[in-house]
Each structure stands twice: as structure tokens, then as C-alpha cells.
Amino acid sequence: MRTTLDIPDSLLRQLKSKAALEGTTLKALVLELVDHGLKARDVLAASTPPRRSRLPSLSAGHALAIEPLSNAALFELLDDGDGHEA
């Protein structure tokens, strides 16, 4: 299958140079590097445990006991001490 890629000039120069030094074609080198990158990514994904959320989760049986507050208690918490709400 053919495709078109836009490769920055500096990267293309590096690829051509590497291909020449290795005695291979640009096409063969790019295919090798893409294949290597995909395999490395698969290995990394298989060896990396799934990411966990940083947020705490509350499940049944592990819920925190939170005592309800009355309106008066809430207003007392919000009062900044000078008679004005925060």
C-alpha cells in the first residue's frame, strides 16, 4: 500500500544518512523503524499496569462516616468571626 507522509527536512536528512551508512534503502529503513516502534509500544503496553484514577473511590463498605450538619453549624463554619460570611 502506498501512502504519503510529510517528514521534516532535518529528519529526512537523518533518515537518508542512516540508510546510506547501513547500506539499505530509505524505504527499508523507515519500514524497519516503524515495525520496531510498534513492537516496542506493544511490549510497553503489556508490561505497564493499567493506570488508576488519582481520585479516591468510595465503595460500599468503605464509605466514610460523615455526620450531617445543621444549618446553624454550617453558618458557624462559614462565619469568619466578624459577623460577615466568608
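Read-outs throughout are calculated quantities, based only on the coordinates presented, and are distinct from any laboratory measurement. Just so it is clear, the model here is predicted, and its values are computed rather than measured. Every residue, glycine among them, receives a Cβ derived from its backbone with ideal geometry; neighbour counts consider all protein chains shown.
How big is Rg to Rh over segment 1-60, alpha-carbon atoms, Rh as the Kirkwood inverse-mean-distance radius?
The Rg/Rh ratio comes out at 1.29.
Packing here is the average count of other Cβ atoms within 10 Å per residue, and on that basis the peptides 68-74, 45-51, highest first, run 68-74, 45-51.
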